[in-house]
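Take a look at the structure set out below.
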Amino acid sequence: METRNYVRRRQAAKKRKRKRMIRRVVVAALLVAAIAAVIALAVWIISAFIDRNTEPKPQDAPVSVTEQSSEPTVGTETALTEPTESEEPVQTEPETEKETVTVTAEDVKKGILILVNRQHPFAFTADYELIDLFTYKSSAYKFRDDGMMFAPFASEKLNEMLVDFYNRTGNGDINIISTFRDIETQQRIYNSKLEYYNGNVETTEKWVALPGASEHHTGLAVDFGIYTSDGESYDYDGSGEYAWINENCWKYGFIVRYDSAKTDITGIAYEPWHFRYLGLPHSEILSQTDFCYEEYIAYLKSYPQDGEHLFFTSYTGDRYEIFYVRSEGEKTEIKLDKGADYFISGNNDDGFIVTVTLHGDS
Ligand SMILES: [Zn+2]
């Protein structure tokens, strides 16, 4: 009996001990779990705080490559507005809201950046009204005629450039000899040049674009001559003090369209008097490369909508994002950040060039 009772007591005592042990283990485990949870929470809070303080805001745009050097190639960067994929799933940075702009097949042939040449004739579907350049008549320059029509935004910049030239030099002899031409005018010029070259088509077409293939149809191209106060007329060759115009026209949105080194691509002889309006930033980007416009249009295709975009900071301080969208036929969708300040132009070839002005505080 005694022995049996003793054994029972021992067993009961053992049981209690085991229960105590289990209780202790459970309590210890709970404690460890609680501590781990507190540590995890602390780490999460600290890392979230650090991230918020170090992640660059879209406005804190890193300085562009082009700001640091005057390399002819245009600086490219990864998209600034696209927040880098965060490792922290806790980040609640909202995706920039997008809007979709739909453009049509016909829109490929419209816009101030269209390429116009023999392979890409003008479709005569401009989406801007021309104005009479005579509106800006001043003593800073002359006109061969009144009724010389030109795109309004380009007229304003042309006037600004020629007034600046006049203020620098006191030379008011620039004569605007040709702006917009309709197809009949181009045909007339072509015919008379053909006659002048005794029917030599090849030579004629080096100097005069085929009707329909002239940039003058767009109301974005202008030819200068020189007309002195003595009533003498000269060709404008962009030399001497006039060189300032050819060297600085990009600031006003113009390019010297037919370069002497690119006649094999443009098909047109060197014409230092022929200026084409593209507007900023495109005239400026072009001025930093040795591309002719045909090459520039091709170059922009290497910045597609779904790929790396071209970023550029102008001398004005304005910052731009540029990309190309291939036309998908009757309807093409272009995705932009909601509220973006942009313009879309057809390239008159196979797609669209989108130019976004980035407004930041940098
Ligand atoms: Zn011309």
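Every number in this text was worked out from the coordinates using simple rules, so none of it is lab data. Since we're looking at a predicted model, the values are computed, not measured.
Given a cut-off of 23 Å, what percent of all Cα-Cα pairs of the stretch 98-358 lie beyond it?
53 percent
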(message) Over 10 Å intervals from 0, what percent of Cα-Cα pairs in the stretch 126-267 sits in each interval?
(response) 11, 38, 37, 13, 0
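I want to verify the translational diffusion coefficient of the stretch 174-227 in µm²/s; compute it with Stokes-Einstein, Rh as the Kirkwood radius over Cα pairs, at 10 °C and 1.306 mPa s.
Numbers: Rh = 11.6 Å.
Result for D is 137 µm²/s.
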(request) Quick one: check the C-alpha center-to-center distance for the stretch 107-155 versus the stretch 337-362, whole angstrom. (result) 21 Å
(request) Would you list the P(r) distribution for the stretch 317-357, with all Cα-Cα distances sorted into 10 Å bins from 0 and each bin expressed as a whole %? (result) 27, 53, 17, 2
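Taking a threshold of 19 Å on the Cα-Cα distance, which of the pairs LYS142/LYS251; LYS206/LYS251; LYS301/LYS335; LYS157/LYS262 fall above it? Provide the component values of the computation, followed by the final result.
On the way: LYS142/LYS251 22 Å; LYS206/LYS251 28 Å; LYS301/LYS335 17 Å; LYS157/LYS262 26 Å.
Violating the 19 Å limit, Cα to Cα: LYS142/LYS251; LYS206/LYS251; LYS157/LYS262.
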